[in-house]
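Novice: Handing you this structure, nothing more for now.
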Amino acid sequence: MAPRLSPRNARRYLFLCTLCLSCTLLCYNLILRGGHPNMHSRGYQHLGCPPVLGGKKLLQKVLLLCPHSGAALTFSNTDIASYPDWSGKNQTEPPEMKGTPAKPTEHQAPPTGNSTAALRYGHKRLPQAIIVGVKKGGTRAVLEFIRVHPEVRAMGTEPHFFDRNYEMGLDWYRNLMPRSLDRQITVEKTPSYFVTREAPRRISHMSPRVKLIVVVRNPVTRAISDYTQTLSKKPDIPSFSELAFLNRTSGEVDTSWNAIRIGLYALHLQPWLSHFPISQMHFVSGERLITDPAGEMARVQDFLGLKRLVTEKHFYFNKTKGFPCLKKPGGGGAPRCLGKSKGRAHVQINTEDIEQLREFYRPHNIKFYETVGQDFHWD
């Protein structure tokens, strides 16, 4: 007759049996089933993540811990709806893991597949158009105006990939982009690209067919606007005249000051023309963007190969800011204006300083007009 187990030992025995059975079932699922029925196990192998087992809550945890980096995953509509921050309205992404990204590689097409998520929300793609410059020319306005178009998906912040973060690699850059459908184009803007010598070669390496938008403005006005912005952040900086001139009496301009140097558009344009034909670049007038935003945006849409859907019905001129604001064509809701820094009143500059700067920029402006085949009437 077998000895009787004490209640305590019986509980231990039952616990061990249950634990062994659970481990056996878990291994069976991992080996034979190969993952969640609503996911491609191949996609998770690419990521180095285990297949997903269990219900919606476990799926959400795996998405948080193991977000994709361009791999095509298949989700059911229920799975997509279950993720708390992934909605069709803002198309936000699961938080990204920190790590060492890949080095820049040749341009690769986005992954393909019959993914339901890809059909509904699209893929992350490298941009087909970039607003590359210039600072204080009106780049934010162009970005906000063009992203109204239903066939445009734009990144709201400046990634500074081709000037500051290039070592992070193209995969890192692609992952910053919003999702876009096949019929949509992806756009980003970083105005400092235009004055970064390495940017044209790097962008051409990514895609020699990318379309480039440059928003230019009277270089004298642009310099004053640049100074005004800096002064608002650093009230103790020297006066505009002290920074702009090496010798105030002779009128010798200090081209090492960034606010002055950015306005030498013809100089900065040369490296771009070594990598891109002029036909692949579109120049927007910062002045006309204020006085005729619909006309300037019509030309931008033509350049991007888009139907003219952003029209005069979308604009309302704000007399207080002295700048156009966006409104819904139907008239519903309040107009949406750019931030407080846009339309800021400029610092008053001595008239003689302005005239000397105009004389300094005149030959540079003429050369720029001849190169791009367009007179911006700054002189």
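Novice: Restricting attention to the stretch 150-212, which chymotrypsin sites (Phe, Trp or Tyr not before Pro) occupy a DSSP loop and are surrounded by at most 11 other Cβ atoms within 10 Å? Walk me through the intermediate numbers first.
Specialist: Numbers: sites: Phe161, Phe162, Tyr166, Trp172, Tyr173, Tyr193, Phe194; in loops: Phe161, Phe162.
Those that pass, being in a loop and sparsely packed, number zero.
Novice: Using a 1.4 Å probe on the protein heavy atoms only, what accessible surface does Val216 show? Give it in Å² to the nearest 10.
Specialist: Result for Val216: roughly 0 Å² accessible.
Novice: What accessible area, in Å² to the nearest ten, does a 1.4 Å probe give for Lys136?
Specialist: 30
Novice: Test of understanding: what is the full-extension gain from Val148 to Thr230, defined as 0.36 nm times their sequence separation minus their Cα-Cα distance? Walk me through the numbers on the way to the answer.
Specialist: Numbers: separation 82, 0.36 × 82 = 29.52 nm, distance 2.98 nm.
Contour length minus Cα-Cα distance gives 26.5 nm.
Novice: Ordered by residue, what ³J(HN,Hα) values in Hz, to whole numbers, does the stretch 272-285 give under the Karplus form 6.51 cos²θ - 1.76 cosθ + 1.60, where θ = phi - 60° and Gly and Pro are x?
Specialist: 5, 6, 7, 10, 9, x, 4, 5, 8, 10, 10, 10, 9, 7
Novice: At Leu246 and Ala266, where each label point lies 7 Å from the Cα along Cα→Cβ, what is the point-to-point distance in nanometres?
Specialist: 2.0
Novice: With the other protein chains left in place, how much accessible area per residue, in square angstrom, belongs to the stretch 156-308 at a 1.4 angstrom probe? Provide the component values of the computation, followed by the final result.
Specialist: Working: 6420 Å² over 153 residues.
I get 42 Å² per residue for the stretch 156-308.
Novice: Shape verdict for the stretch 202-316, please, from the Cα gyration tensor: rounded (a/c under 1.5), prolate (a/b greater than b/c) or oblate. Please list the in-between numbers first.
Specialist: Numbers: a/c = 2.71, a/b = 1.55, b/c = 1.75.
Since a/c reaches 1.5 but b/c is at least a/b, the shape of the stretch 202-316 is classed as oblate.
Novice: Sticking with this structure for a sec: Shape call for the stretch 245-379 from the C-alpha gyration tensor, a ≥ b ≥ c root eigenvalues: rounded (a/c under 1.5), prolate (a/b greater than b/c) or oblate?
Specialist: oblate
Novice: Could you tally the net charge around Asp163, taking each other residue with its Cβ under 9 Å from the Cβ of Asp163, Lys/Arg +1 and Asp/Glu -1?
Specialist: Numbers: positive: Arg164, Arg202; negative: Glu198.
Result for the neighbourhood of Asp163: +1.
Novice: Something else now. Residue by residue through the stretch 6-21, which ³J(HN,Hα) values in whole Hz follow from phi under the Karplus form 6.51 cos²θ - 1.76 cosθ + 1.60 (θ = phi - 60°), with glycine and proline marked x?
Specialist: Residue by residue, the stretch 6-21 yields 6, x, 5, 5, 4, 5, 5, 4, 5, 5, 5, 4, 5, 5, 5, 5 Hz.
Novice: Tally Lys/Arg at +1 and Asp/Glu at -1 over every other residue whose Cβ is under 11 Å from the Cβ of Arg153; what's the total?
Specialist: Numbers: positive: Lys124, Arg125, Arg147, Arg179, Arg183; negative: Glu151, Glu188.
Charge balance near Arg153 sits at +3.
Novice: For the stretch 238-316, with all protein chains present and a 1.4 Å probe, just round the carbon and sulfur fraction of the accessible area to a whole percent. Provide the component values of the computation, followed by the final result.
Specialist: Details: 1890 of 3650 Å².
In the stretch 238-316, the share of accessible area belonging to carbon and sulfur is 52 percent.
Novice: Please report the spacing between the Cα centers of the stretch 352-379 and the stretch 277-310 in Å, no decimals.
Specialist: 21
Novice: Starting from the amide H of Lys211, placed 1.01 Å from N in the peptide plane, find each other amide H under 5 Å away whose residue is 5 or more places distant or on another chain.
Specialist: For Lys211, the qualifying residues are Ala129, Ile130.
Novice: Looking at the square roots a ≥ b ≥ c of the eigenvalues of the Cα gyration tensor of the stretch 253-294, which shape do they give, rounded for a/c under 1.5, prolate if a/b is larger than b/c, or oblate?
Specialist: On the way: a/c = 4.35, a/b = 1.13, b/c = 3.84.
Taking the square roots of the gyration eigenvalues as a ≥ b ≥ c, the stretch 253-294 is oblate.
Novice: Still on this structure: Taking amide hydrogens as modeled 1.01 Å from N in the peptide plane, which residues meet the under 5 Å criterion relative to Val284, leaving out close sequence neighbours?
Specialist: Val214, Val215, Val216
Novice: Right, something else. Rounded to the nearest 0.05, what FRET efficiency do Arg336 and Ser207 have when you use their Cβ-Cβ distance and R0 = 30 Å? It would help to have the intermediate numbers written out before the result.
Specialist: Numbers: r = 31 Å, r/R0 = 1.04.
Once rounded, the FRET efficiency stands at 0.45.
Novice: Now for a separate question. Given a Förster distance of 56 angstrom, what is the FRET efficiency for His275 paired with Leu26, based on the Cβ-Cβ distance and rounded to 0.05? Could the numbers behind the result be given before it?
Specialist: Values: r = 55 Å, r/R0 = 0.98.
The formula returns an efficiency of 0.55 here.
Novice: Taking the Cα-to-Cβ direction at Ala294 and at Asn258 and moving 7 Å from each Cα, how far apart do the two end points lie in nm?
Specialist: 3.8
Novice: Taking amide H atoms as placed 1.01 Å from N in the peptide plane, list the residues 5 or more away in sequence, or in a different chain, whose amide H sits under 5 Å from that of Asn318.
Specialist: Phe323, Cys325
Novice: If you don't mind, another one. Could you order peptides 198-207, 220-229, 281-290, 303-312 by the average number of other Cβ atoms within 10 Å of their residues, highest first?
Specialist: Working: 198-207: 17.7, 220-229: 21.4, 281-290: 19.8, 303-312: 15.7.
In decreasing order of mean packing, 198-207, 220-229, 281-290, 303-312 become 220-229, 281-290, 198-207, 303-312.
Novice: What are the ³J(HN,Hα) values, in whole Hz, obtained from phi via the Karplus relation 6.51 cos²θ - 1.76 cosθ + 1.60 with θ = phi - 60°, for each residue of the stretch 236-247 in sequence order, with x given for Gly and Pro?
Specialist: For the stretch 236-247, the Karplus-derived couplings read 8, 5, x, 5, 4, 4, 4, 7, 7, 10, 6, 9 Hz, x marking Gly and Pro.
The values are calculated or read from the model by the stated rules, or taken from the named source; none is laboratory data. Since the model is a prediction, treat every value here as computed from it, not as a measurement. Positions of Cβ are backbone-derived with ideal geometry, glycine not excepted, and every protein chain shown enters the neighbour counts. For accessibility, only protein heavy atoms count, side chains too; no ligands or nucleic acids. Shrake-Rupley method; radii C 1.70, N 1.55, O 1.52, S 1.80 Å.
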